[in-house]
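Let me begin by presenting the structure, written as structure tokens, before commenting on it.
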Amino acid sequence: MCDIKDAKRWIKLAEIQVKENDVEKARESYLEAASIYVLQAEFTKDNHLLEHSNECYKKSKEVVGETWEKVLTKQELAKRTLFELNEDKITVEDLRMEIENV
């Protein structure tokens, strides 16, 4: 199971990828960090972690030139990070099952 240290590693990796101008990989790394924060918020019941998840999600948008100002709920973050990390691999049924488990 991933923890906060893993999320911080993904963020550090994203920062390196940005410096190397690999924005798509940086986007994915920020999404990985965001999803870890969501899972940790669910397991620890520490909703403060959702702030970190929202920040990572925002950065995942910004590195590809999009602006993002919305604050998402835990369910929205789980849905979006799962979908965006697995856009080519996920089915609608997989997404429904994952959301129901959050």
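Among (1) 108; (2) 180; (3) 97, which one is volume of the Cα convex hull per residue in Å³ computed from these coordinates? Comparing each candidate, only (3) matches the computed number.
Tell me the GluC sites (Glu not before Pro) within segment 3-83 that lie in a loop according to DSSP and have at most 11 other beta-carbon atoms within 10 Å.
Passing sites in segment 3-83 are Glu20, Glu66, Glu69.
Computed from phi, the 3J(HN,Hα) profile of segment 24-34 under the Karplus parametrisation 6.51, -1.76, 1.60 (θ = phi - 60°) reads 5, 5, 4, 4, 5, 5, 5, 5, 4, 4, 4 Hz, with x in place of Gly and Pro.
What pairs from Lys12/Lys58; Lys25/Lys61; Lys25/Lys58; Lys5/Lys58; Lys19/Lys79; Lys12/Lys59 go past 18 Å between their alpha carbons?
Lys5/Lys58; Lys19/Lys79
Would segment 25-75 count as rounded, prolate or oblate if I go by the C-alpha gyration tensor, calling it rounded below 1.5 in a/c and otherwise prolate when a/b exceeds b/c, oblate otherwise? The shape class here is oblate. Along the chain, the exposed loop sites are trypsin sites (Lys or Arg not before Pro) outside DSSP states H, G, I, E and B with at most 11 other Cβ atoms within 10 Å, and the longest stretch free of them is 1-44. Length gained on full extension, Glu87 to Thr44, computed as 0.36 nm times the residue gap minus the Cα-Cα distance: 12.7 nm. Placing a pseudo-label 7 Å from each Cα along the Cα-to-Cβ vector at Asn21 and Glu55 gives an inter-label distance of 2.8 nm.
Read-outs: derived from the displayed coordinates by stated rules, not from any lab. No experiment lies behind these values; they were computed from the predicted model shown. A quick note on method: Cβ atoms are made from the backbone with ideal geometry, for glycine too, and the neighbour counts reach across all protein chains shown.
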